[in-house]
Amino acid sequence: MFEQPIPTLRRNGDAVIILDQTVLPFRTQTLALRTLPAAAHAIRSMQVRGAPLIGATAAYGVALALAHEGSEDPSLERALQLLGATRPTAVNLHWALARMARVLRPLAPAARAAAAWAEAEAIRADDAASCDAIGRHGLALIAAIAARRPGPVTLMTHCNAGWLATCGAGTALAPIYAAQAAGIEVEVLVSETRPRNQGLLTAWELRAAGVPHTLIADNAAGLLLMRGKADMVITGADRVASNGDSANKVGTYLKALAARAAGLPFYIAAPHSTLEFNCPDGATIPIEDRGAEEVCVVRGMREDGAIADLRLAPAGTRALNPAFDITPAGLITGIITERGVTAANALAELYPEHAR
């Protein structure tokens, strides 16, 4: 099983230690979450990010609430409500909270605190195992390309769906790490992913792992795909509807369109916690609006090593900032899950227990 170089989330007594992703890739630091509000803030402010990691953090947030605020019904319900309101698009958040609620509500209050820690840990371990399985199934796709011709297999990705975004190897990056471990030569084209620049986190991960990669401007992706500079595109997802429509970081849809025009495969990598069979299609997925400030301000490192925010546009500039977009199932070659690779519109065949 893949071992994270730095745990993204771990328990330390009655506290939870997270890797603060708001200062990456410039600085590596951890934070201790000791209260329910601190856990909610970590999710909302993107100190933790990535759909699977958000879900696991929410589960640990419930455990923090019961450990520090009591285990009676009002404390439990307050925790579920507060955490559920932090991020609207990533369904893993609501999946994890629903799982915690199913386990904890029937229990006597005296038994809830210990059960909450145990269930949060089970969610963390489940995600790590799912990531490993996604890596194995995605490896087969990369290996098939490598077998057809010499030279490295070049993949394009968007946002960050590596170990920083999960409790394990990642989703979209897990097959890349698996290919590297199998001795297959790979290269990665890493999209910046503005305005949050999460592509920089992917570059940070790949650099540390020794995977060859090149950072590209988001808008260069279409040209590079048109000219055959990549063999396939693979991204993560924050919510996948029952028909296969997928929500991911804004800009994913454009890459899917460009890949289709270029005749290149486009894959989504997502664990079962990202699949929402009660959601019929992408039109019903809520899209988070994170406000204008993220578009108008960029964070970077000064020459003296200090992290600073730089204003790109004058104060008061109007800007739209949808955090996600929807890629229709018809543009997705396949979805890589822990159970295997399937056509986007055939998820129920892999998960018959959810078929209606």
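The set of residues from segment 1-50 being closer than 17 Å to T166 by Cα and among the basic types (K, R) comprises R10, R11, R44, R49. Is it the case that segment 138-152 has a residue that's under 20 Å from V48 (Cβ atoms), touching a residue at least 60 places away in the same chain (Cβ under 8 Å) and touching an Asp or Glu at 6+ places or on another chain (Cβ under 9 Å)? No: zero hits.
Going through segment 44-79 one residue at a time, which ones are surrounded by fewer than 24 Cβ atoms within 10 Å (Cβ to Cβ), within 30 Å of R302 (Cα to Cα) and touching a residue at least 40 places away in the same chain (Cβ under 8 Å)? R44, M46 - these are the residues of segment 44-79 that are surrounded by fewer than 24 Cβ atoms within 10 Å (Cβ to Cβ), within 30 Å of R302 (Cα to Cα) and touching a residue at least 40 places away in the same chain (Cβ under 8 Å).
Scanning segment 68-94 for residues that are in a helix (DSSP H, G or I), under 22 Å from the mean Cα position of the chain (by Cα) and among the small types (G, A, S) returns a single hit, G84. Residues in segment 180-198 include at least one that is surrounded by fewer than 19 Cβ atoms within 10 Å (Cβ to Cβ), touching a residue at least 40 places away in the same chain (Cβ under 8 Å), farther than 19 Å from F324 by Cα and in the same structural domain as N321 (by TED's automatic domain parsing). Scanning segment 5-24 for residues being outside any strand (DSSP E or B) and surrounded by fewer than 16 Cβ atoms within 10 Å (Cβ to Cβ) gives a total of 6.
Taking the stated definitions as given, is L264 in contact with a strand residue (DSSP E or B) (Cβ under 7 Å, 6 or more places away or on another chain) and either without any contact (Cβ under 8 Å) to a residue 40 or more places away in the chain or surrounded by fewer than 18 Cβ atoms within 10 Å (Cβ to Cβ) (or both)? In short, yes.
The values are calculated or read from the model by the stated rules, or taken from the named source; none is laboratory data. Please read these numbers as outputs of a predicted model, since none were measured by experiment. FYI the Cβ positions are ideal-geometry reconstructions off the backbone, even for glycines, and counts take in every protein chain you see.
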